[in-house]
Amino acid sequence: LLWVGGPTGARKLQYSGFRRALERRAIRAGLDGFHPHLFRHTAATRWLRNGGSETGLMAIAGWANRQMIDRYTAASRSERAIEEARRLGFQ
């Protein structure tokens, strides 16, 4: 169970409460440097790594320009380039 609502279960969970709940759980799990946007970084990287298009990623993530792709996938850029080169026969 990730979290439980108020006594009636009818309270809305705002972004700030969601963020705090995730951060507390990350601390308990021993995850250093966690922040909720890691989900976006991970999803964008997996999308491209698994053959998804940049146009499709922009559409699904609600991004208006390609700069967001660069921002969210910068850490995996080299890894993806090496894999692409292998797939294309450049070794």
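The values are calculated or read from the model by the stated rules, or taken from the named source; none is laboratory data. What you see is a predicted model, and the numbers here were worked out from it, not measured in a lab. Every residue, glycine as well, gets a Cβ built from its backbone with ideal geometry; the counts of neighbours run over all protein chains shown. Ligands, DNA and RNA are stripped out before the accessible areas are found, and what is left, the full protein with its side chains, is counted by its heavy atoms. Shrake-Rupley method; radii C 1.70, N 1.55, O 1.52, S 1.80 Å.
Based on protein heavy atoms only, the chain ends up with 79 Å² per residue of surface accessible to a 1.4 Å probe. Whole-Hz Karplus values for the stretch 57-66 come out as 4, 4, 5, 5, 8, x, 8, 8, 9, 5 Hz, taken residue by residue from phi with 6.51 cos²θ - 1.76 cosθ + 1.60 and θ = phi - 60°; glycine and proline positions read x. Considering only 61, 29, 51, and ranking their Cα positions along the charge dipole of the chain that arises from unit charges at the beta-carbon of Lys, Arg, Asp and Glu, the one farthest toward the positive end is 29. Could you compute the net charge surrounding residue 73? Neighbours are other residues with a C-beta less than 12 Å from the C-beta of residue 73; K and R count +1, D and E count -1. Net charge around residue 73: +4.
In plain terms, the chain from residue 70 to residue 87 could stretch by 4.0 nm, reckoned as 0.36 nm per residue minus the Cα-Cα distance. Model label points for residue 34 and residue 77, set 7 angstrom from Cα along the Cα-to-Cβ axis, are 2.9 nm apart. Measuring with a 1.4 angstrom probe and ignoring ligands and nucleic acids, residue 82 comes out at about 90 Å² accessible.
Tell me, what % of the accessible area of the chain is carbon and sulfur with a 1.4 angstrom probe? For the chain, the apolar C and S fraction of the accessible surface comes to 54 percent.
Accessible surface ranking for 15, 72, 1.4 angstrom probe, highest first: 15, 72. Note on mean projected area of the Cα convex hull in nm²: of the candidates [x] 8.5; [y] 6.3; [z] 5.1, the value calculated from this structure sits at [x]. In a simple Cβ point-charge model (Lys, Arg +1; Asp, Glu -1; nothing else charged), the chain has a dipole of about 360 debye relative to its Cα centre.
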